[in-house]
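J.: This structure is in structure tokens; I'll ask about it shortly.
The values are calculated or read from the model by the stated rules, or taken from the named source; none is laboratory data. As the structure is a computational prediction, the values presented were derived from the model and not from experiment. FYI the Cβ positions are ideal-geometry reconstructions off the backbone, even for glycines, and counts take in every protein chain you see.
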Amino acid sequence: MAKAVLTISSKNYGAWALRGWLLSKLAGLEFSEKTISPDDPAMKAEMLLLSSSMLVPSLQHGSVKVWDTLAIAEYLNEIKPKAQLLPADVAARAHCRAICGEMHSGFASLRAALPMNIKAHFPNFKIWSRAQADIDRVLEIWRECFTRYGGPYLFGKQPTVADAMYAPVVTRFLTYDVALDKVCAAYAGRIMELPAMKEWVSQALQEPDDIDELDAEF
């Protein structure tokens, strides 16, 4: 099958792009990147949460095209089963899908109040109550996973789809100086130490493009 092409957006601002990219890396898929400029009106609308659909990431793999992040995850799990992107145990696999689905469709206040911006840092950022409720729920999910599966990742000894889905949240917590308990802070550090995450962040820091609407402290 032909080499895959992953269409992504800004590495500094693109939370969904990061998810699809990280999933592809964790799966061990060889792919090239096609980047849509943040100046593209449709791309900017998506990153500002003004779009009704997600344009990126989009994976073209031979004749197969998959564009929803969860669909990409399921596709990669099928073609790269040895990567174990989903847990082997049926109950754990159901749990993994549930918390990934919750991230996929929820946490609107967190997304709006704390947009992904890897290059920025806002110490003592004031978090409004609805966003804090979303943060509390994320941390509750993480703690439940650590208790049930023993860590160091959400579903045990290796990263899964769940870790890829929550990775952009980790960057948000660092950007906006979100207070974390010792266990969750250690997990955040572990995610940022993944070789793929280091690669993404390094490239994000080199991006020349800025989106003024996402660089303002509010």
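J.: Within the range 168-202, how many residues are surrounded by 15 or more Cβ atoms within 10 Å (Cβ to Cβ) and either modelled with pLDDT under 95 or within 22 Å of SER37 (Cα to Cα) (or both)?
T.: Total satisfying the criteria: 7.
J.: Okay, next question. For ILE99, only one of the following conditions fails: (1) in a helix (DSSP H, G or I); (2) surrounded by fewer than 23 Cβ atoms within 10 Å (Cβ to Cβ); (3) at pLDDT below 95. What is its number?
T.: Only one criterion is unmet by ILE99, namely (3).
J.: Which condition from (1) more than 24 Å from ASN77 (Cα to Cα); (2) crowded, with 19+ Cβ neighbours inside 10 Å; (3) of a type in the set (Asp, Glu) is the one that ASP136 breaks?
T.: (2)
J.: When the residues of the range 7-16 are filtered to those that are out of contact with any Lys or Arg (no Cβ under 7 Å at 6 or more places or on another chain) and not β-branched (Val, Ile, Thr), which remaining residue is surrounded by the most Cβ atoms within 10 Å (Cβ to Cβ)?
T.: Kept after step one, since they are out of contact with any Lys or Arg (no Cβ under 7 Å at 6 or more places or on another chain), are these residues of the range 7-16: 8-11, 13-16.
Remaining after also requiring not β-branched (Val, Ile, Thr): 9-11, 13-16.
Values: SER9: 24, SER10: 27, LYS11: 24, TYR13: 29, GLY14: 26, ALA15: 21, TRP16: 22.
Going through the qualifying residues, I end up with TYR13.
J.: Check ALA167, ALA179, ALA120 and return the single one that is part of a helix (DSSP H, G or I) and either under 19 Å from the mean Cα position of the chain (by Cα) or assigned by TED's automatic domain parsing to the domain that holds MET197 (or both).
T.: ALA167
J.: May I ask you to verify whether PHE146 is outside any helix (DSSP H, G or I), aromatic (Phe, Trp, Tyr) and outside the structural domain of THR35 (by TED's automatic domain parsing)? Spell out the reasoning first.
T.: Numbers: outside any helix (DSSP H, G or I): no; aromatic (Phe, Trp, Tyr): yes; outside the structural domain of THR35 (by TED's automatic domain parsing): yes.
In short, no.
J.: Please work out if GLY28 is touching a helix residue (DSSP H, G or I) at 6+ places or on another chain (Cβ under 9 Å), surrounded by fewer than 17 Cβ atoms within 10 Å (Cβ to Cβ) and modelled with pLDDT of 95 or more.
T.: For GLY28, the condition - touching a helix residue (DSSP H, G or I) at 6+ places or on another chain (Cβ under 9 Å), surrounded by fewer than 17 Cβ atoms within 10 Å (Cβ to Cβ) and modelled with pLDDT of 95 or more - is met.
J.: May I pose another question? VAL64: of a type in the set (A, V, I, L, M), in the same structural domain as SER32 (by TED's automatic domain parsing) and modelled with pLDDT under 95, yes or no?
T.: The answer is no for VAL64.
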